[in-house]
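A.B. asks: The structure follows.
The values are calculated or read from the model by the stated rules, or taken from the named source; none is laboratory data. These numbers were taken from a predicted model, which means no experiment stands behind them. Reconstructed Cβ throughout: ideal geometry from the backbone, glycine too, with neighbour counts over all protein chains shown. Heavy atoms of the whole protein, side chains included, go into the accessibility calculation; ligands, DNA and RNA do not. Shrake-Rupley method; radii C 1.70, N 1.55, O 1.52, S 1.80 Å.
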Amino acid sequence: LLLVTDAGDSSLKVFRWRGGGRPELAFTRGGFGLPWGLASGSAGGTVLLTDCARGSLLRLTLQLPAGGLLKQESVCERLCGPREVALCPLDGCVHVVEHLAASPGRRRLSTFNSRGQLLRRMDGLGLGPGGGLPAGISAIAVDGRGNVLLADGDSGAVLCVGTVDKAEPRTIVDQGLIRPLACPADDTLIVLDAGDHTWKVYRSRKPESAARQEVRKPTAAPLTSTRGRQPQGPETGHNS
């Protein structure tokens, strides 16, 4: 399945893949304030969605492979402008970036366990002037070791916050990026760069360390490059 949040009509659109690798619309779910971030869970059909306008984090259960909605439930309410969201594959923790409307340019990273209980809130990393979270955060991801990664679209960098148990803020990519917009990660880090319309793949120089990354080669990836691929689980995207 391919999932897209559409800010134009405040909806979630779910597409399924048909013969020939072309997606077709399975259903549209409306009624959101401003749906923003999406993260798919390890359990088949489980998807997390942030509603930036209403300050909520929702869990959706989809019917596979048809794509119907089985259940929608609230994980957390009264968040402050939640946008980017990521789910840790190891412990089920949910990481949400809040954009605080009362303090323009201020960001906060909130971490919840699988039951929606708040575990940690971070207002700063201590990496730059003022020590706050970058105002240009454009994406969040969790790698295979549980490290939380943040893409900073303003400075062209990728930051590592560390794990839930051990915060170790550091910059892992500070060269070669112009405006990173997405950064899915597992054993490798893939960054979508809107500055030069490419996707870039990085890997650790040392298997046990994620502090230094090695770029394989920046490669232009046209929209047609994914044609013919049949995803096995939900894919997510945001349309603003």
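A.B. asks: When each pair of different Cα atoms in segment 56-172 is counted once in the 1/r mean, what is the Kirkwood radius in angstroms, to one decimal?
C.D. replies: 15.0
A.B. asks: In whole Hz, what ³J(HN,Hα) sequence does segment 31-39 give by Karplus (6.51, -1.76, 1.60; θ = phi - 60°), x for Gly and Pro?
C.D. replies: x, 8, x, 8, x, 10, x, 9, 8
A.B. asks: Sticking with this one: In Å², what does the accessible area per residue of segment 1-53 work out to with a 1.4 Å probe?
C.D. replies: Value for segment 1-53: 40 Å² per residue.
A.B. asks: In angstroms, what radius of gyration and Dmax does segment 1-136 have, counting Cα atoms only?
C.D. replies: 16.0, 53
A.B. asks: Once amide H atoms are placed 1.01 Å from N in the peptide plane, what residues at a sequence separation of 5 or more from GLY55, or on another chain, have their amide H within under 5 Å of its amide H?
C.D. replies: Counting only residues 5 or more places away or on other chains, the set is GLY81.
A.B. asks: With no solvent and one equal point scatterer per Cα, compute the Debye intensity ratio I(q)/I(0) for segment 10-86 at 0.11, 0.17, 0.24 Å⁻¹ and report its log10, rounded to two decimals.
C.D. replies: -0.29, -0.65, -1.14
A.B. asks: Could you look at segment 1-143 and say what percent of its accessible area is carbon and sulfur, using a 1.4 Å probe and all protein chains?
C.D. replies: Percent of accessible area from carbon and sulfur atoms in segment 1-143: 49.
A.B. asks: Before anything else, pin down the relative contact order of segment 29-181: Cα pairs under 8 Å, at least 6 apart, normalised by residue count, whole percent.
C.D. replies: It comes to 13 percent, rounded to a whole number.
A.B. asks: What order do you get for 92-100, 181-189 when each peptide is scored by the mean count of other beta carbon atoms within 10 Å, highest first?
C.D. replies: Descending mean neighbour count gives 92-100, 181-189.
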